Amino acid sequence: MLKNIKQLELSLGYEFKGTKLITEALTHKSFKKPYDNERLEFLGDAVLDLVVGEYLFKKFSSSAEGNLSKIRASLVNETGFEKLARYLNLGDYILLSNAEESNGGREKSSLLSNAFEAVMGAIYLEAGLKIVDTIAIMLIEKNHKEISLDYLFSDFKTLLQEITQARFGITPEYIVVASRGPDHLKEFEVAVNIQDKEYARAIGKSKKIAQQEAAKMALEVLKGDSSE
């Protein structure tokens with residue numbers, strides 16, 4: 001039985017016309033029904049690709065195709081859609097088998113991302129492209145503080161290395177301080193040291209994500225030091 005979706009509708013700014021499509025969009029294949037959300041996921045993926053592509057085409061009117069493709073790839077991916085799914089608390093609504101739920105299914109990145117795509121596919125079939133466009137772009141803008149070439153292309157580790165080599169003549173050292181959680185929900189805590197001094201610590205779902213976040217924080221520290 002699908003959970004009451006009034007809060008989900010409020011978060012989306014959209015009221016579903018019926019229960020058939022949204023139920024299908026929130027039904028994982030493990031739930032063992034004659035339907036699941038994989039077809040709507042396929043449709044939603046294509047719709048989001050178009051919606052985000054048009055959004056970026058208009059937003060960055062002077063950017064080359066290569067740059068637009070890179071920005072779209074940074075938004076239209078499992079990590080990006082998982083973020084939007086978590087904002088909507090989609091994990092609370094998905095219909096799963098007991099086994100999948102016991103295995104942490106409601107927190108799985110791929111499962112959340114797929115459900116988000118399926119929900120967008122359901123809205124597209126009910127209300128059309130314009131409504132999906134409005135909802136998807138609203139969610140993206142709410143969940144990304146800045147959408148710009150500089151921000152989306154930032155490689156904080158590379159930038160930190162360039163700055164520390166210029167300022168100190170050395171490169172940063174990244175140390176995994178801790179790892180927590182089961183394999184499917186693993187988190188890593190990483191510290192970044194410069195000249196044997198810890199400048200920042202961050203937690204991420206992979207070592208790379210934690211390193212990037214720690215580098216970003218260290219850059220802020222160095223920026224503050226240089227302005228004193």
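The values are calculated or read from the model by the stated rules, or taken from the named source; none is laboratory data. This structure is a prediction, so every number in the text was calculated from the model and none was measured. Reconstructed Cβ throughout: ideal geometry from the backbone, glycine too, with neighbour counts over all protein chains shown.
Data table
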{"read-out": "Among the residues listed as 126, 82, 100, the single one being surrounded by fewer than 19 Cβ atoms within 10 Å (Cβ to Cβ) and modelled with pLDDT under 95", "value": "100"}
{"read-out": "Residue among 162, 117, 213 that alone is in a helix (DSSP H, G or I), surrounded by 14 or more Cβ atoms within 10 Å (Cβ to Cβ) and either at pLDDT below 95 or basic (Lys, Arg) (or both)", "value": "213"}
{"read-out": "Residue match in the range 125-132 (condition: among the charged types (D, E, K, R) and not assigned by TED's automatic domain parsing to the domain that holds residue 67)", "value": "no"}
{"read-out": "Residue identified as touching a residue at least 40 places away in the same chain (Cβ under 8 Å), more than 20 Å from residue 22 (Cα to Cα) and of a type in the set (Val, Ile, Thr) among 147, 135", "value": "147"}
{"read-out": "Verdict on residue 54 being more than 18 Å from residue 148 (Cα to Cα) and of a type in the set (D, E, K, R)", "value": "no"}
{"read-out": "Matching option when the condition is under 19 Å from residue 78 (Cα atoms) and not β-branched (Val, Ile, Thr), among 103, 143, 98, 193", "value": "143"}
{"read-out": "Residue tally, condition of a type in the set (Asp, Glu) and outside any strand (DSSP E or B), over the range 165-203", "value": "2"}
{"read-out": "Matching residues in the range 166-179 - criterion: being of a type outside the set (A, V, I, L, M, F, W, C) and modelled with pLDDT of 90 or more", "value": "169, 171, 172, 173, 174, 179"}
{"read-out": "Cβ pairs under 6 Å, 6+ apart, first in the range 45-60 and surrounded by fewer than 18 Cβ atoms within 10 Å (Cβ to Cβ), second outside any helix (DSSP H, G or I)", "value": "49/76"}
{"read-out": "Residue ID - farthest from residue 207 (Cα to Cα), chosen from residues in the range 155-181 that are of a type outside the set (A, V, I, L, M, F, W, C) and in contact (Cβ under 8 Å) with a residue 24 or more places away in the chain", "value": "167"}
{"read-out": "Residue 188, sole failed condition from (1) under 21 Å from the mean Cα position of the chain (by Cα); (2) modelled with pLDDT under 90", "value": "(2)"}
